[in-house]
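Peer 1: The following block contains the structure, expressed as structure tokens.
The values are calculated or read from the model by the stated rules, or taken from the named source; none is laboratory data. No experiment lies behind these values; they were computed from the predicted model shown. Glycine also receives a Cβ, built like all others from the backbone with ideal geometry; neighbour counts cover every protein chain displayed. For the accessible areas, the whole protein counts, side chains as well, though only heavy atoms, and no ligand, DNA or RNA atoms are used. Shrake-Rupley method; radii C 1.70, N 1.55, O 1.52, S 1.80 Å.
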Amino acid sequence: CLPKNPFRAPSPAPPMNIVACVKRVPSTEAVAKPTADGKGLDAADFQYMISFYDEIAVEQAVQTKEAVGAGEVTVLTLGPANGTKEIRECLAKGGDKAVVLTDDNWQSRDARSTAKALVAQLSTMDADLVFMGRVATDRDNAAVGPMVATYLGWPCVSDVIGLEVGDGKGTAKVETEAGVETVEFSLPAVVTCQKGLNEPRYASLPNIMKAKKKPLDTLTPADLGVDAAPRLKTLKVTPPADRKA
């Protein structure tokens, strides 16, 4: 016999709680010069931007929410208190709210201390997916994403160039030196995003105006009770030797 309602629509997918972790970095046009004491970079003339790969992470977070049809995207960063301009840009591109872990010494942090601070906040957010860029364009370590996943005890899928998510799991295409691998993973998970995964959208003027009213919370790692002091210390910064013509 026929079911009572053979044309009943399938149950909607449950909403997803998605986090996009981003980093404020010097613009690609910035000229790096050591400070007078040789222990850091002179940032006086730097202009800043969101790391290129992190823009891909924000776009993928928004696209995933749109594909599911319900959920929320939180933009999370660790950086200076005056770095909210770049975070508002992420909100204008589809983020729903933001959390800034303020730290005046953010540029001197190593990957481990950054990961521990992010994990302290992520542990309070009940996230299903965390997106990050595969690497930050200033330090080029590609270490924070895997470290965050390790501290959380979650799967980490890195260098992702294709992604589908549903039913508590995901399928990703991963770029490797040997070619493209297809992997399946369970949620929650950390995904680091590679060039080619998507094309980040531009923020429209109406969305830029709306972003000014979206929630943006600020707190410090100390507020989260985490001891995330860097273990690495920069002893000396020198420019590379001049190349011969």
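Peer 1: Of the cross-linked pairs 85/214; 65/213; 173/214; 65/169; 116/210; 93/213, which ones have a Cα-Cα span greater than 23 Å in the structure shown?
Peer 2: Over 23 Å apart, Cα to Cα: 173/214; 116/210.
Peer 1: With the other protein chains left in place, how much accessible area per residue, in square angstrom, belongs to the chain at a 1.4 angstrom probe?
Peer 2: Working: 14240 Å² over 245 residues.
Accessible area per residue, the chain: 58 Å².
Peer 1: How much accessible surface does residue 185 have with a 1.4 Å probe, in Å² rounded to 10?
Peer 2: Solvent-accessible area, nearest 10 Å²: 20 Å².
Peer 1: Name the residue farthest towards the positive end of the dipole of the chain from the options 114, 215, 186, assuming +1 on Cβ of Lys and Arg, -1 on Cβ of Asp and Glu, about the Cα centre.
Peer 2: Checked the options; the winner is 215.
Peer 1: How large a share of the accessible area of the chain, in percent, is made up of carbon and sulfur atoms when the probe is 1.4 Å and the other protein chains stay in place?
Peer 2: Carbon and sulfur atoms account for 51 percent of the accessible area of the chain.
Peer 1: Starting at the first residue of segment 104-114, write each ³J(HN,Hα) from the Karplus equation 6.51 cos²θ - 1.76 cosθ + 1.60 with θ = phi - 60°, in whole Hz, x for Gly and Pro.
Peer 2: 5, 9, 4, 6, 9, 6, 8, 4, 5, 5, 5
Peer 1: Something else: Set the Förster radius R0 to 41 Å, insert the Cβ-Cβ distance between residue 171 and residue 210 as r into 1/(1 + (r/R0)^6), and round the FRET efficiency to 0.05.
Peer 2: 0.80
Peer 1: Considering only C-alpha atoms, what is the centroid distance from segment 103-123 to segment 191-245, in Å?
Peer 2: 11 Å
Peer 1: Can you tell me the dipole magnitude for segment 65-127 around its Cα centre, using point charges on the Cβ only (Lys, Arg +1; Asp, Glu -1), in Debye to the nearest 20?
Peer 2: Details: 8 positive and 9 negative charges, 16 e Å.
Dipole size: approximately 80 debye.
Peer 1: Can you tell me the dipole magnitude for the chain around its Cα centre, using point charges on the Cβ only (Lys, Arg +1; Asp, Glu -1), in Debye to the nearest 20?
Peer 2: Charge dipole of the chain: 300 debye, to the nearest 20.
Peer 1: If you don't mind, there's one more thing I want to ask. Going Cα to Cα from residue 39, which lysines come in below 17 Å? Please leave out same-chain ones fewer than 8 positions away.
Peer 2: Of all the lysines, those that pass the test against residue 39 - Cα under 17 Å, at least 8 places apart if same chain - are 233, 236.
Peer 1: Which three extents, in angstrom, do the Cα atoms of segment 10-58 have along their principal axes, listed largest first?
Peer 2: Extents along the principal axes, in whole Å: 64, 20, 13.
Peer 1: Okay, moving on. Using only helices, what value at 222 nm comes out for the chain when you add -39,500 (n - 2.57) per DSSP H run of length 4 or more and divide by the total residues, to the nearest 500 deg cm²/dmol?
Peer 2: Calculated from helices alone, the mean residue ellipticity at 222 nm is -6500 deg cm²/dmol.
Peer 1: For the chain, what is the convex hull volume of the alpha-carbon atoms per residue, in Å³?
Peer 2: Residue-normalised Cα hull volume stands at 185 Å³.
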